[in-house]
Amino acid sequence: MSDLGTRAWERAEPTTEDYGKPFMAEQLIDSFGRIHTNLRISVTDRCNIRCFYCMPAENVQFMDRKDLLTFEEIERFVRISVPLGLTKIRLTGGEPLVRRDLHVLVKMLAAIPQIHDIGVTTNGILLAEQAEDLWNAGLRRINVSLDALDPVKFKEITRRDGYEKVLEGIAAAQRVGFDPVKINAVSIRGMTEDEIIPLANFARRSGVEIRFIEFMPLDADNAWEREKVLFAHEIIEKLSQEICPLIPCPGQNPHAPATEFQFEDGIGKIGLIASVSRPFCMNCDRFRITADGKLRNCLFSLEETDVRGMLRGGVADIEIASAIRASIAAKKEGHEINTARYIQPDRPMYSIGG
Ligand code: SF4
């Protein structure tokens with residue numbers, strides 16, 4: 001085989017002979033039969049706020065710009081993954097909107113025919129100024145992280161200002177056409193119980209959808225405790241008692257992390273991401289690449305594959321495709337948070353991406 005492999009990604013439509021082998025048929029299936037079609041791409045580890053359940057308050061060592069995958073390298077990795085069945089992408093961070101010209105990357109990825117779903121998870125601080133460019137570039141799904149509607153609580157959690165900007169960002173996203181805008185709210189016992197009802201009423205008033213997320217042990221300060229987890233069933237109970245009963249939504253995507261509910265009176269929809277109390281690993285279709293080009297087959301994986309080294313080291317696409325398959329083949333059954341075997345990954349959340 002000549003250097004076909006190294007140029008295959010330049011072509012719009014990869015074909016079997018590009019790789020010399022019919023690996024189009026070989027989807028990314030792990031040893032538990034899970035098919036992986038959904039890639040989370042962290043485009044930076046930098047962030048403009050400091051949520052205590054994610055980052056240290058001060059003195060964060062961020063990656064050098066030269067260590068970040070370039071947009072072209074990200075595009076190449078995606079084009080290599082497409083024949084393996086990749087169809088869905090979520091851009092994450094750190095805070096993805098601090099990566100300059102993010103809309104350019106969205107446009108590059110939206111131009112790949114097999115990629116029919118691109119989303120972003122953002123803290124919303126820069127969203128008002130970027131919403132239109134992102135929409136015009138082809139972005140269609142947006143999740144905004146907002147754990148509290150009380151500005152004092154917001155500052156306590158994020159350790160930075162920006163509350164008003166987040167609300168402006170949500171409104172701007174709705175204005176340019178994102179529908180629904182989804183709100184990710186991490187629920188923490190002893191801190192955000194009082195935010196559950198206000199957030200749900202915000203969803204009922206504004207048409208956004210709230211996802212309540214159980215606190216996961218991925219914080220940079222290793223301060224996670226099970227006692228601090230506000231469990232999904234408690235949130236459902238509180239909402240049902242104080243607003244009205246919740247009904248599971250029909251036709252749920254079995255691979256989606258969130259279990260969706262609508263209020264019995266038909267006003268408003270919420271989701272529960274119960275990673276700790278009701279792990280959804282058996283339907284997981286996700287794999288991840290970090291901003292510095294490390295492939296992770298799970299959010300909690302303790303091993304990584306250095307894809308950046310391959311992308312910059314003249315390695316052919318077909319070998320990179322094999323490395324992706326090997327990573328997925330080695331994927332564990334799920335996180336082990338609820339076992340004595342659980343080991344928190346060295347890499348903190350802001351450096352993995354949600
Ligand atoms: S913990 Fe890992 S296996 Fe489980 S759902 Fe998350 S990424 Fe998938």
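The values are calculated or read from the model by the stated rules, or taken from the named source; none is laboratory data. Every value quoted in this text rests on a predicted model; they were computed, and no experiment measured them. Cβ atoms come from the backbone with ideal geometry, glycine included; neighbour counts cover every protein chain shown. Ligands, DNA and RNA are stripped out before the accessible areas are found, and what is left, the full protein with its side chains, is counted by its heavy atoms. Shrake-Rupley method; radii C 1.70, N 1.55, O 1.52, S 1.80 Å.
Per residue, the accessible area of segment 42-184 comes to 39 Å², computed with a 1.4 Å probe over protein heavy atoms only.
How many percent of DSSP beta bridges within the chain run antiparallel, rounded to 5? Of those bridges, close to 30 percent are antiparallel.
The chymotrypsin sites (Phe, Trp or Tyr not before Pro) of segment 288-354 meeting both criteria, a DSSP state outside H, G, I, E and B (loop) and at most 16 other C-beta atoms within 10 angstrom of the site's C-beta, are TYR342.
Projecting label points 7 angstrom from Cα along Cα→Cβ for ARG100 and ARG65 puts them 0.5 nm apart. The solvent-accessible area of THR87, taken with every protein chain present and a 1.4 Å probe, is close to 40 Å². Working note: Karplus 6.51/-1.76/1.60 with θ = phi - 60° gives segment 286-296 the couplings 9, 9, 9, 10, 7, 4, 9, x, 9, 7, 10 Hz, where Gly and Pro are set to x.
At full extension, ALA256 and ASP150 could sit 35.3 nm farther apart than now, given 0.36 nm per residue minus the alpha carbon distance. Sequence-distant or interchain residues sharing an amide H contact under 5 Å with ASP219, placed H: which? Counting only residues 5 or more places away or on other chains, the set is TRP224. Kirkwood radius for the chain, taken over all pairs of different Cα atoms as the inverse mean of 1/r, rounds to 20.9 Å. Listed as lacking a disulfide-compatible partner in the chain: CYS47, CYS244, CYS249, CYS281, CYS284, CYS298, by the criterion of no other cysteine Cβ under 4.7 Å.
If the viscosity is 1.567 mPa s and the temperature 4 °C, what translational diffusion coefficient in µm²/s does Stokes-Einstein give for segment 21-158 when Rh comes from Kirkwood over Cα pairs? Reported coefficient: 78 µm²/s. Taking every DSSP beta bridge that has both residues in segment 205-354, what percent is antiparallel when rounded to the nearest 5? Counting DSSP beta bridges with both partners in segment 205-354, the antiparallel share is about 75 percent.
Based on Cα contacts under 8 Å between residues 6+ apart, the chain shows a relative contact order of 22 percent. For a label point 7 angstrom out from the Cα of GLU234 toward its Cβ, which stretches of segment 260-274 have the backbone nitrogen within less than 17 Å? What the label zone holds, given the 17 Å backbone N cut-off, is 272-274. Largest GNM mean-square fluctuation across ARG341, ARG34, ARG79, computed for the chain with C-alpha springs under 10 Å, falls on ARG341. Kirkwood-type hydrodynamic radius, segment 243-354: 16.5 Å, calculated from all non-identical alpha-carbon pairs. Taking Cα atoms only, the orientation of helix 196-206 departs from the longest principal axis of the chain by about 70 degrees. Relative to the longest principal axis of the Cα atoms of the chain, helix 71-81 runs at roughly 80 degrees. Computed in the context of the full set of protein chains, the accessible area of the chain at 1.4 Å probe radius has 51% of its extent on carbon or sulfur. In whole angstrom, how far apart do the alpha carbon centroids of segment 183-204 and segment 69-113 sit? First find each Cα centre; the distance between them is then 31 Å.
Summarising the label geometry, the points placed 7 Å from Cα in the beta-carbon direction at VAL315 and ALA329 lie 1.5 nm from one another. Is it possible to state the helix-based mean residue ellipticity at 222 nm for the chain, with each DSSP H run of 4+ residues giving -39500 (n - 2.57), the sum divided by total residues, to the nearest 500 deg cm²/dmol? What is it? Theoretical 222 nm ellipticity from helices: -8500 deg cm²/dmol. With R₀ set to 22 Å, the beta-carbon distance separating ILE247 from ASP194 gives a calculated FRET efficiency near 0.35.
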